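Participant: Handing you a structure now.
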Amino acid sequence: MSTDIDSIAFPTLTQQEINILSKIAQCTEFADGEYVFRAGESQADLFVVREGAIEIINPHENDKTVVVHGVGNFTGDIDILTGRPVLVDGIARGVTRCCRIPSSKLQEVLTKVPRLSEKLLVAFQQRRQLLTEVGKLGLSVVGYARCHHTTVIREFLHRNFVPHHFLDVETMDEDELRSLNCGETFPVVRCLNKSDLVQPTPRDVAEAAGIWRHCPSQKVDVAIVGAGPAGIAAAVYSASEGLSTVVLDSIGPGGQAGASSKIENFIGFPSGLSGTDLATRGILQMLKFGAKMVAPVVVTKLEPPSKGNCYHSLHLDCGAIIKARVVLVATGVKWRKLEAKNADVFERAGVYYACTAVEALLHDGEDVVVVGAGNSAGQAAMYLSECCPTRTVHMVVRNQFGPSMSEYLCARIRSSHNIRVHEGANVTEIHGKDGLIERVTIVEKDGSSKDRPAAAVFVFIGSEPCTNWLPAEMAKDEKGFVLTGLQVINANKWPLTSREPCPLETSVPGIIAAGDVRSGSTKRVGFAVGDGSQAVSCIHTLLTLAEDCAMPIPDEVVDAVKMVKEAAV
Ligand SMILES: Cc1cc2nc3c(=O)[nH]c(=O)nc-3n(C[C@H](O)[C@H](O)[C@H](O)COP(=O)(O)OP(=O)(O)OC[C@H]3O[C@@H](n4cnc5c(N)ncnc54)[C@H](O)[C@@H]3O)c2cc1C
């Protein structure tokens, strides 16, 4: 491990920094060999070593030493912010005296002491990076690599940046499998406390990984539905401006961007970054300012305020109801499914609607097919061709190659030695057995069809807005995208006469929308982030309007909403 990374990941605090932290700390002493904390404990505190040392041990790698924190060093990684269970053990070496800072108090330092905050946050992120490179860490997922259920769990853990290690039953010998003693039904998730979850749901896994703690039911200033780039950007601004903010997502942070292996056209990252990396940074930022993240949870219904009340009600699939003064709809789009024969049979077991390290590495060395003509398809084709130069990537484009893709990507694909573009073609059937894809039928422009050997199909063929859960009275365009601001006025759908809608406000007063879900949005990360950032000025306007929360909502608003509701029936 190079010294530069060391000094970033494990910096020594200055006396001045220790003084700042001591003000909010409690002094604790540990005997030699005593556990300071154990893997699996959640809501971990930060420990600054004043005397002695703390050895950090990875219990999943035969108690291998990760690092020893000496005087002036501190413990912790991003889980201090997320509140998730600790992944490693900490043991005192020699009599050890520490300053102990509870994570709730740490937030204050992170928002009020920028230089110290930067040192801590950069160290936390670097440590998490180093830990994920360790390989054998956190939860174990045991299953068949090309199994739908296993991929669902792995994608979920990847999207929620939960370190885990995967054991492919296919490549294990009998002794190894027997030694795991996890039965014959897969996938199995082995938790930090050594208990096993057999064929768990994402929520079961979320509970085991400490992502999901309980069904939330608080009252907040702002509830944000969707943790894609738009939702996260809005949460960073609203929380940093002191508003109580909760972000709800059906899977976890990142949204569509989380499905991207490399985003190269988002400003500020010249060499590009993966969608998961972008999302993790955004989540840390919003958590630093006190926003809350809840996943996996689906918002199934949204009710505007009733008479004499000014809270919207968000109904969650876990049965709880969240009350919010302003709601931001940032639910983006979901990907259109491939209509080829057997595409549903191999979904997430060979047919994928994302292309991250999880899916791409499953089919190393084998030919694959990418369906689609936009940036996401182009990126996936480049990523798959570069991570395995010996494979052929068949790119199937229904119409012309090029017009709907950024020029830099087109140029790279045209000059790639192992991407073959099939223009004006279609995938009609997927062939395989025992859960494994073997061939894909591609019908060419001239009508001829050929079965191409391939082990996976990556699909990016357009999208539909995630709006079917929204109130019927909310105005949408012909494709189902949400109308906002001027669009609502132009469509004559604005119910109030006392004021105009703010730029991102939907036709239901007090509910705003941002990102890809909006009608006319540009379907880019930068645009979504811009929208999410702009949302906060709307939020302040609406909160000012609803300031006298005790004051009943003007009859005009309630009657207008009632009228539109009746008109919508
Ligand atoms: C593979 C891929 C690669 C891409 N590459 C690029 C690129 O290089 N550059 C670029 O600029 N753009 C790229 N894009 C587009 C970009 O990712 C999107 O424009 C952006 O993610 C839109 O952000 P959003 O926040 O509006 O919505 P989304 O990212 O779609 O996020 C919406 C979120 O809402 C959640 N959600 C939906 N309904 C509910 C509900 N009822 N309850 C709870 N949660 C819900 C979803 O789980 C999702 O996480 C790519 C997209 C894909 C799929």
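Participant: Counting only protein heavy atoms and using a 1.4 Å probe, what share of the accessible area of the chain belongs to carbon plus sulfur, as a whole percent?
Facilitator: 51 percent
Participant: So, one more: Kindly report the accessible area of the chain per residue (heavy atoms of protein chains, probe 1.4 Å, no ligands, DNA or RNA), in Å².
Facilitator: I get 43 Å² per residue for the chain.
Participant: Going by amide H atoms built from the backbone, whose H comes under 5 Å of the H on VAL396, apart from near neighbours?
Facilitator: Placed amide hydrogens put VAL370, VAL371, GLY372, HIS422 under 5 Å from VAL396.
Participant: Report the one residue of ASN399, GLY432, SER448 whose Cα lies farthest in the direction of the positive end of the charge dipole of segment 351-461 (charges on C-beta: Lys and Arg +1, Asp and Glu -1; origin at the Cα centre).
Facilitator: ASN399
Participant: Putting +1 on Lys and Arg Cβ atoms and -1 on Asp and Glu Cβ atoms, find which of LEU504, GLY72, ILE419 reaches farthest to the positive end of the dipole of the chain.
Facilitator: Checked the options; the winner is LEU504.
Participant: Considering only protein heavy atoms, what is the solvent-accessible area of LYS292 at a probe of 1.4 Å, reported in Å² to the nearest 10?
Facilitator: Number for this one is 110 Å².
Participant: Another question about this same structure. Short version: what are the Cα gyration tensor semi-axes of segment 6-134, square root of 5 times each eigenvalue, largest first, in whole Å?
Facilitator: Ellipsoid semi-axes (Å, largest first): 20, 17, 13.
Participant: Can you pull the percent of Cα pairs in segment 139-209 with separation above 22 Å?
Facilitator: It works out to 13 percent of all Cα pairs.
Participant: With θ set to phi - 60° and the Karplus curve 6.51 cos²θ - 1.76 cosθ + 1.60, what are the ³J(HN,Hα) couplings of segment 343-359 in order, to the nearest whole Hz, using x for Gly and Pro?
Facilitator: Here the 3J(HN,Hα) series is 4, 5, 4, 9, 4, 6, 9, x, 9, 10, 10, 8, 9, 10, 4, 4, 6 Hz.
Participant: Accessible area, 1.4 Å probe, largest first: how do GLU29, GLU176 sort?
Facilitator: Listed by decreasing accessible area, they come as GLU29, GLU176.
Participant: Ranked from highest to lowest mean number of other Cβ atoms within 10 Å per residue, what is the order of the peptides 78-85, 265-272?
Facilitator: Taking the mean over residues of other Cβ atoms within 10 Å, the ranking is 78-85, 265-272.
Participant: For LEU180, tell me the accessible area in Å² from a 1.4 Å probe, rounded to the nearest 10.
Facilitator: 40 Å²
Participant: In addition: Hull surface divided by four, with the convex hull built on the Cα atoms of segment 351-461: how many nm²?
Facilitator: 6.3 nm²
Participant: Next question, about the same structure. Under unit Cβ charges (Lys, Arg +1; Asp, Glu -1), what dipole magnitude, rounded to 20 debye, does segment 139-209 have relative to its Cα centre?
Facilitator: 360 debye
Participant: Whose amide H sits under 5 Å from the amide H of GLY52, counting only residues 5 or more places off or on another chain, with H placed in the peptide plane?
Facilitator: Those qualifying (amide H under 5 Å, at least 5 residues apart or on another chain) are ARG97.
Participant: If you take every DSSP beta bridge fully contained in the chain, what fraction is antiparallel? Give it as a percent rounded to 5.
Facilitator: Expressed as a percentage, antiparallel bridges in the chain total about 60.
Participant: Let me ask something else about it. How much of the DSSP beta bridge set in segment 351-461 is antiparallel, as a percent to the nearest 5?
Facilitator: For segment 351-461, the DSSP antiparallel bridge percentage is about 45.
Participant: Please work out, to two decimal places, the log10 of the ratio I(q)/I(0) at q = 0.10, 0.24, 0.26 Å⁻¹ from a Debye calculation in which every Cα of segment 206-302 carries one identical scatterer.
Facilitator: So the normalised log intensities work out to -0.27, -1.28, -1.39.
Participant: Still on this structure, please answer the following. When the Karplus curve 6.51 cos²θ - 1.76 cosθ + 1.60 is applied with θ = phi - 60°, which whole-Hz ³J(HN,Hα) does each residue of segment 322-329 get, with x for Gly and Pro?
Facilitator: In residue order, the calculated couplings are 9, 9, 9, 6, 10, 10, 10, 8 Hz.
Participant: How much accessible surface does ARG154 have with a 1.4 Å probe, in Å² rounded to 10?
Facilitator: About 40 Å², ignoring ligands and nucleic acids.
Participant: Mind putting a number on the dipole of the chain about its Cα centre? Charges go on the C-beta only, +1 for Lys and Arg and -1 for Asp and Glu, and I need it in Debye to the nearest 20.
Facilitator: 920 debye
Participant: On to the next question. Write down the percent of antiparallel bridges among all DSSP beta bridges whose residues are both part of segment 139-209, to the nearest 5.
Facilitator: The antiparallel proportion sits near 55 percent.
Participant: Residue by residue, what Karplus-based ³J(HN,Hα) values in Hz, rounded to whole numbers, does segment 32-46 have, using 6.51, -1.76 and 1.60 with θ = phi - 60° and x for Gly and Pro?
Facilitator: Residue by residue, segment 32-46 yields 4, x, 7, 6, 7, 7, 10, 4, x, 6, 9, 6, 5, 8, 8 Hz.
Participant: What is the spread of the Cα atoms of the chain along each of their three principal axes, largest first, in whole Å?
Facilitator: The Cα atoms of the chain stretch 73, 67, 44 Å along the principal axes, largest first.
Participant: May I ask you to order 338-344, 185-191 by the average number of other C-beta atoms within 10 Å around their residues, highest value first?
Facilitator: Going by the mean number of other Cβ atoms within 10 Å, highest first, we get 185-191, 338-344.
The values are calculated or read from the model by the stated rules, or taken from the named source; none is laboratory data. What you see is a predicted model; the values in this text were computed from it and never measured. All Cβ positions, even for glycine, are placed from backbone atoms using ideal geometry, and neighbour counts span all protein chains on display. Keep in mind that these areas ignore ligands, DNA and RNA; they rest on the heavy atoms of the full protein, side chains included. Shrake-Rupley method; radii C 1.70, N 1.55, O 1.52, S 1.80 Å.
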